[in-house]
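The values are calculated or read from the model by the stated rules, or taken from the named source; none is laboratory data. Because the structure is predicted, anything quoted here is derived from the model rather than measured. Using ideal geometry, Cβ is built from the backbone for each residue, glycine included, and neighbour counts are taken over all protein chains shown.
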Amino acid sequence: MRRLELIDVAATVAELRTAAPARGDVRAAVAEIVGEVRRQGDEALRRLTERFDGVVLPPHLAVPSETMRAALGELDPELRSALELAAANIRAYHEREAPVSWRETLAQGQTVGQEVVPLAAAGLYVPGGLADYPSTVLMTAIPAQVAGVGRIVVCSSPRTGGVAAAGVAAACALLGITDLFPIGGAQAVAAMAYGTAQVPRCDIIVGPGNAFVTEAKRQVLGDVAIDSLAGPSEVFIVAGEGARASWLAADLLAQAEHGAGASGVLLDVGGSLLNEVEGELRRLGEELRTPLDGVTLVACRSLDEALALVDAFAPEHLELHLRDAAALVPRVRNAGAVFVGPLTATAFADYGAGTNHVLPTGGSARFAQGLSVVHFQRRMGVLEIDEGSASRLARAVAAIAREEGLRSHARSALLRLEGGPGAGIEAERTHRGTGGRGDD
């Protein structure tokens, strides 16, 4: 645990930022893995899974639907009810954000618009290791379903016997997902990016993972879309006089327990909370056996300074434990998600309140956003021109085309003028005769 005083925003950001680019050995190892999967497909997946996970995969890689349904049936009733509640909230949130196709008639009479087209196949990476993350299935699959994606493929680290974690399998069954593969790491990303005999090729790969997963997403980008290059998780909490030290400590530790590189930062406006929060952190950290290495307490002289540091750092999560917190939201420019008021702990959004927990990290909230329906769709431009709009647009289009030296573009537009097939040639002659630059 560290304590800092905010004097210079840029210097404080540099001290807080711990993310580092992938090491050369990670890049090289991932490149080798991706290459093996591209060349050897399922054979490479089997070999790499046995090598890295110590698991021998069955002949048929996909988890059988009956296995997933059984996992759902065996869930503790309280957990199943919680997942159903979370799924309903997440779906309602993403249905509200879904874009729609549209058409509009402009001044010259032409119809312009956009057609929203869902991607054919989406690959979801659900981290495994020693943990079980059904929440990540919900967070990644539901916006894809709302978007109308035709096929959803889930890859998650295998368990002994070549099966997926029970919670992941149950969540897939809950959402009606039938393509679940017990494959993890960079090899799973490569399989979804390029396809194998058994793993379908996907148009986008989304979901968090370790350094090898993130590097694999970086290397396949361009052959397939990705959501983001996720780094360690992070939260900034801006708090002032009157905030509850025990709540602040718990929220900071909730972020710290994400593991290596995760960070929880308290911005104490006025500096009156630091000692009490530090005491709560030590007490709660010992009780929950959560290391305090990723926690930093920063004394800020004013709210303006604290918000300036927030925008410069661009945190993944931002909690506002302040009076009239809702009124401060418009002042926040860079954050993955904002949690308004002291009751709104990040943990609610991590699991079931409705907003998505796949968010930009490492400062990318300056230009990126959380996982949404639009990640799983394409916007396709649509244009329809009739005789009237063609006659009103053709000469303007031809004038710009001539300026750029593109004669065929000009001819293509002028041929649409009223008067038949020769109208475009006649229009060019008229243009030359009236002092136009012409095509030559």
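For the reader, a short list of remarks on this structure follows.
- Residue pairs meeting the criteria (Cβ under 8 Å; at least 6 apart or on separate chains; first touching a residue at least 12 places away in the same chain (Cβ under 8 Å), in the stretch 161-174; second of a type in the set (K, R)): A165/R159; A170/R80; A173/R69; L174/R80
- Residue in the stretch 344-364 that is more than 19 Å from W247 (Cβ to Cβ) and not in a loop (DSSP other than H, G, I, E, B) present: yes
- Test: residue in the stretch 55-63 that is surrounded by 17 or more Cβ atoms within 10 Å (Cβ to Cβ) and under 30 Å from E286 (Cα atoms): no
- Residue selected from the stretch 33-64 under the condition acidic (D, E) and at pLDDT 95 or above, by the criterion nearest to S157 (Cα to Cα): E50
- Answer from A121, A107 - the residue that is closer than 30 Å to D386 by Cβ and modelled with pLDDT of 95 or more: A107
- Residue ID - surrounded by the fewest Cβ atoms within 10 Å (Cβ to Cβ), chosen from residues in the stretch 365-403 that are part of a helix (DSSP H, G or I) and among the β-branched types (V, I, T): I400
- Whichever residue in the stretch 231-242 is buried (at least 24 other Cβ atoms within 10 Å of the Cβ) and out of contact with any Cys (no Cβ under 9 Å at 6 or more places or on another chain) and, among such residues, is farthest from L266 (Cα to Cα): S233
- Residue match in the stretch 271-290 (condition: under 19 Å from T346 (Cα atoms) and surrounded by fewer than 16 Cβ atoms within 10 Å (Cβ to Cβ)): yes
- P315 being crowded, with 23+ Cβ neighbours inside 10 Å and not in a strand (DSSP E or B): yes
- Residues in the stretch 311-343 that are within 14 Å of G240 (Cβ to Cβ) and at pLDDT 95 or above: E319, L320, H321, L322, A325, A327, L328, G341, P342.
- Restricting G123, G113, G109 to residues that are among the small types (G, A, S), in contact (Cβ under 8 Å) with a residue 12 or more places away in the chain, surrounded by fewer than 22 Cβ atoms within 10 Å (Cβ to Cβ) and assigned to a strand (DSSP E or B) narrows the list to G113.
- Candidate set from the stretch 181-193 (those that are touching a strand residue (DSSP E or B) at 6+ places or on another chain (Cβ under 8 Å) and under 15 Å from R39 (Cβ atoms)); member that is surrounded by the fewest Cβ atoms within 10 Å (Cβ to Cβ): A193
- The residue that is nearest to T136 (Cα to Cα), counting only those in the stretch 201-215 that are touching a strand residue (DSSP E or B) at 6+ places or on another chain (Cβ under 9 Å) and hydrophobic (A, V, I, L, M, F, W, C), is V206.
- In the stretch 318-332, the residues that are without any contact (Cβ under 8 Å) to a residue 24 or more places away in the chain and not assigned by TED's automatic domain parsing to the domain that holds A239 never reach a residue that is surrounded by fewer than 16 Cβ atoms within 10 Å (Cβ to Cβ) and among the basic types (K, R) with C-beta atoms less than 7 angstrom apart, at least six apart or across chains.
- If you go through the stretch 226-251 and keep only what is in contact (Cβ under 8 Å) with a residue 60 or more places away in the chain and either more than 30 Å from E278 (Cβ to Cβ) or assigned to a helix (DSSP H, G or I) (or both), you end up with D227, S228, L229, W247, L248, A250, D251.
- Residue within the stretch 88-101 that is surrounded by 14 or more Cβ atoms within 10 Å (Cβ to Cβ), touching a residue at least 24 places away in the same chain (Cβ under 8 Å), hydroxyl-bearing (S, T, Y) and in contact with a Gly (Cβ under 7 Å, 6 or more places away or on another chain) present: yes
- Given (1) over 19 Å from the mean Cα position of the chain (by Cα); (2) surrounded by 18 or more Cβ atoms within 10 Å (Cβ to Cβ); (3) among the β-branched types (V, I, T); (4) not assigned by TED's automatic domain parsing to the domain that holds L303, index of the condition T178 fails: (2)
- Complete set of residues in the stretch 80-135 that are hydroxyl-bearing (S, T, Y) and within 17 Å of A171 (Cα to Cα): S81, Y125, Y133, S135
- Failed criterion for G259 (all others in (1) in the same structural domain as A345 (by TED's automatic domain parsing); (2) surrounded by fewer than 22 Cβ atoms within 10 Å (Cβ to Cβ); (3) touching a residue at least 60 places away in the same chain (Cβ under 8 Å) hold): (3)
- Residue in the stretch 283-300 that is closer than 27 Å to N89 by Cα and either part of a strand (DSSP E or B) or not acidic (D, E) (or both) present: no
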